[in-house]
Amino acid sequence: MRISPTDVAQVMTLLHDDPEFRFLILSDLCGVDTGSVMQVVYHLWSDATPDWLRVIVDGLPREDPRAPSVTFLWNGAEWAEREAYDMFGIIFEGNRDLRRIYMPPDYQSFPLRKDFLLADDAARSPGQGVRHMEQTFQPAEYRRTPVLRQGLGSDAGHMAPGIQTAELASGEDPAR
Amino acid sequence: MTTEQTVRSLDDPDLFVETPGTIYDAIPPLPPRTEREAEFYTMRDGEMLINLGPQHPSTHGVLRVVLKIDGERVVDLDPVLGYLHRGVEKICENGDWHHAISNCDPLEYIAAMFSEAMPVMVAEKLLDLGVPRRAEYIRVLAWELNRISSHALFVGWLALDLGGLTPILYGFIERDEIVEMLAALTGQRLLFNYLRIGGVNGDLNHDFLSRLGDWMGNALKRIEDQQKLLNSNEIFVARTRGLGVIDRDLARRTLLSGPVLRATGIPYDVRRAHPYSVYPELEFTIPTREEGDSYARYLLHLDEIKQSIHIIDQVLHRMPDGPVMAKVPRLMRVPPGRAYVSIESPRGQYSAYGMSDGSDQPFRLRIHDPSFFNLQAVGLLMPGNLVADTMAIMASVDPIMGGVDK
């Protein structure tokens with residue numbers, strides 16, 4: 001079953017809640033890079049049938065792949081979505097913790113994309129040149145940024161933009 | 001981006017003040033990137049962070065857990081993965097389907113027979129290849145033996161993490177006999193590399209069968225000894241009963257599988273829910289427990305060992321004659337398509353999603369490891385428990401970091 005990213009929440013909720021489908025178990029969630037588009041593939045299982053239902057969210061643009069998160073139905077999908085983000089750069093909107101999970105936090109590229117070539121590949125296809133795409137850098141301001149060691153009150157300026165915790169919003173200093 | 005770095009003298013008094021943190025510190029030197037991270041690294045009164053791992057022996061590999069504690073109680077935790085990440089999926093894309101077998105081997109290194117089955121079964125499904133019945137029976141035999149060795153070790157580890165030294169020795173006796181047996185069959189003790197696309201690497205031999213016969217004679221008795229040792233051990237029971245309780249709804253929502261899920265009362269076993277290989281022909285039950293705590297998980301593992309012995313008994317009685325390999329070409333071009341296979345490993349549902357573009361290499365091979373999802377649930381189980389109990393919970397969920405980190 002192929003759906004577009006805008007329908008994910010609706011379709012998944014229907015499959016999960018409808019008493020005829022009862023797809024209560026999400027077996028797997030993974031990203032796929034077909035070379036032209038990104039996909040997110042879900043495998044659902046219901047006790048009504050022994051077969052898997054494969055739901056493919058198709059047609060995510062490679063430049064800016066975005067899909068809604070399904071963590072509102074299965075909060076265990078959080079790490080699977082983190083993995084898909086880490087490996088493919090697919091951004092799951094609604095995931096509370098979309099950080100890198102395997103690669104270091106300052107890593108810049110997405111290893112399982114098809115345009116990420118291993119160093120060996122340069123040797124495998126001569127004439128193509130060195131295509132080692134791995135590029136890590138440590139931005140200077142990251143290294144110098146003091147972190148939340150002194151409590152929130154003095155550090156509010158260092159929070160990433162757009163992130164507001166409840167404490168910050170209320171202006172309360174929890175250390176006090 | 002330009003990096004302006006000035007060389008500073010060691011005499012500079014500011015040097016120690018501004019010594020930058022590293023990403024491996026308990027508090028990463030980055031501004032919080034997500035809502036959850038901001039929440040976690042916001043400290044309240046009396047809270048502190050400690051790093052557990054990545055080289056702590058009780059983390060079962062190289063797992064780092066940042067624990068936020070208040071006194072002796074764990075308030076929250078943030079598992080940090082990736083110390084064992086090898087990019088197996090990427091490596092598989094760059095080798096052919098046969099290479100994927102040995103690349104997937106070290107994922108679940110305690111029970112390698114399951115993880116190496118993944119590329120094999122995906123390729124067989126894509127090729128629509130029938131496996132000889134004798135090969136299927138040998139596979140089931142090897143899987144169930146490996147499951148027992150893994151479960152025996154689980155019981156030992158659990159007791160070891162609670163401070164009991166004896167059960168791990170018994171666990172290793174059990175495991176060593178099975179591992180030697182499988183070494184006689186496959187040539188390897190740990191990473192077997194035994195399954196092949198279309199069958200298995202070699203037929204049963206005399207050495208394997210004689211070892212198996214010796215072991216089968218007193219396998220059940222050993223399990224009962226193990227039970228006597230721990231089931232009525234007051235300290236063991238007191239430290240595991242009621243610890244790390246998962247209810248059914250949470251278990252389903254957190255994508256748990258395997259013994260952790262069945263300990264909550266959901267009889268979800270891929271061998272029955274989505275039958276594969278020759279499991280439909282075999283007779284066995286799926287043990288479940290209702291409590292969902294560490295003690296239930298421990299008891300469930302013992303029940304599963306008994307069921308596995310029962311399966312092995314049937315397999316040996318029904319083992320058909322015939323070839324152990326189907327006729328397959330040496331250079332295997334797998335027809336284009338997508339396939340999803342799933343098996344029941346000792347830790348839960350091990351599944352793989354393969355895509356082929358018609359060449360001899362997998363286009364995409366996604367490995368779904370149960371330890372990964374079970375470990376995620378540990379984050380929900382630990383808060384509120386004592387620091388000393390975190391290891392008991394971790395051991396009862398039994399993650400294997402080779403599979404978690406891929």
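The values are calculated or read from the model by the stated rules, or taken from the named source; none is laboratory data. No experiment lies behind these values; they were computed from the predicted model shown. Note that each Cβ is placed from the backbone with ideal geometry, even for glycine, and that neighbours are counted across all protein chains shown. In case anyone asks, the SASA skips ligands and DNA or RNA and just uses the protein heavy atoms, side chains included. Shrake-Rupley method; radii C 1.70, N 1.55, O 1.52, S 1.80 Å.
Structure summary
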item	result
Selection count, segment B:186-204, where residues are closer than 18 Å to B:Y109 by Cβ and open to solvent by less than 20 Å² (accessible area, probe 1.4 Å)	3
Residues (surrounded by fewer than 24 Cβ atoms within 10 Å (Cβ to Cβ), in contact (Cβ under 8 Å) with a residue 12 or more places away in the chain and closer than 27 Å to B:N103 by Cβ) located in segment B:154-177	B:W157, B:R175
Checklist (1) in a loop (DSSP other than H, G, I, E, B); (2) within 16 Å of the chain's Cα centre (by Cα) applied to B:L129, failing item	(2)
Evaluation of B:I286 against (1) crowded, with 18+ Cβ neighbours inside 10 Å; (2) under 22 Å from the mean Cα position of the chain (by Cα) (one fails), failing number	(1)
Subset of segment B:227-283 (residues that are of a type in the set (D, E) and under 23 Å from the mean Cα position of the chain (by Cα))	B:D247, B:D249, B:D269
Number of the condition not met by B:F372 [criteria: (1) within 12 Å of chain A (Cβ to nearest Cβ); (2) open to solvent by less than 20 Å² (accessible area, probe 1.4 Å); (3) in contact (Cβ under 8 Å) with a residue 60 or more places away in the chain]	(3)
Matching option when the condition is within 14 Å of another protein chain (Cβ to nearest Cβ) and either closer than 16 Å to B:Y268 by Cα or under 28 Å from the mean Cα position of the chain (by Cα) (or both), among B:I309, B:I343	B:I343
Which listed residue is modelled with pLDDT under 90 and open to solvent by less than 10 Å² (accessible area, probe 1.4 Å), from B:P362, B:P346	B:P362
Segment B:370-395: number of residues that are of a type in the set (S, T, Y) and at pLDDT 85 or above	1
Lone qualifier among B:D70, B:D76 - being closer than 24 Å to A:F92 by Cβ and more than 9 Å from chain A (Cβ to nearest Cβ)	B:D76
B:D357 being more than 25 Å from the chain's Cα centre (by Cα) and open to solvent by 30 Å² or more (accessible area, probe 1.4 Å)	yes
Unique residue being in the same structural domain as B:Y194 (by TED's automatic domain parsing) and in contact with a Cys (Cβ under 6 Å, 6 or more places away or on another chain) when the list is B:P362, B:P399, B:P346	B:P362
Leading residue by the ranking (surrounded by the fewest Cβ atoms within 10 Å (Cβ to Cβ)) among those in segment A:49-94 that are small (G, A, S) and closer than 19 Å to B:R253 by Cβ	A:G94
Any chance A:V8 is closer than 20 Å to B:E37 by Cα, open to solvent by less than 10 Å² (accessible area, probe 1.4 Å), in contact (Cβ under 8 Å) with a residue 60 or more places away in the chain and more than 8 Å from chain B (Cβ to nearest Cβ)	no
Segment B:306-327, subset assigned to a helix (DSSP H, G or I) and out of contact with any Leu (no Cβ under 9 Å at 6 or more places or on another chain), residue surrounded by the fewest Cβ atoms within 10 Å (Cβ to Cβ)	B:H317
Of residues in segment A:11-23 being assigned to a helix (DSSP H, G or I) and not aliphatic (A, V, I, L, M), the one most open to solvent (accessible area, probe 1.4 Å)	A:D17
Criterion (at pLDDT 90 or above and in the same structural domain as B:R133 (by TED's automatic domain parsing)) met by exactly one of B:L190, B:L195, B:L165	B:L195
Residue that is nearest to the other protein chains (Cβ to nearest Cβ), among those in segment A:61-71 that are closer than 24 Å to B:N374 by Cβ and free of Cβ contacts under 8 Å to residues at least 60 places away in the same chain	A:T71
B:G384 vs. criteria away from every other protein chain (no Cβ under 14 Å), on the phi > 0 side of the Ramachandran plot and in a loop (DSSP other than H, G, I, E, B)	yes
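Residues are listed down the side, and each one gets a yes or a no for (1) facing another protein chain (nearest Cβ under 10 Å); (2) part of a loop (DSSP other than H, G, I, E, B); (3) among the small types (G, A, S):
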| position | (1), (2), (3) |
| --- | --- |
| A:L73 | yes, yes, no |
| A:A80 | yes, no, yes |
| A:D86 | yes, no, no |
| A:F92 | no, no, no |
| A:P104 | yes, yes, no |
| A:P111 | yes, yes, no |
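Here's the yes/no breakdown for (1) over 30 Å from B:T390 (Cβ atoms); (2) among the hydroxyl-bearing types (S, T, Y); (3) assigned to a loop (DSSP other than H, G, I, E, B); (4) over 22 Å from the mean Cα position of the chain (by Cα):
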{"position": "B:M121", "(1), (2), (3), (4)": "yes, no, no, no"}
{"position": "B:A152", "(1), (2), (3), (4)": "no, no, no, no"}
{"position": "B:E174", "(1), (2), (3), (4)": "no, no, no, no"}
{"position": "B:N193", "(1), (2), (3), (4)": "yes, no, yes, no"}
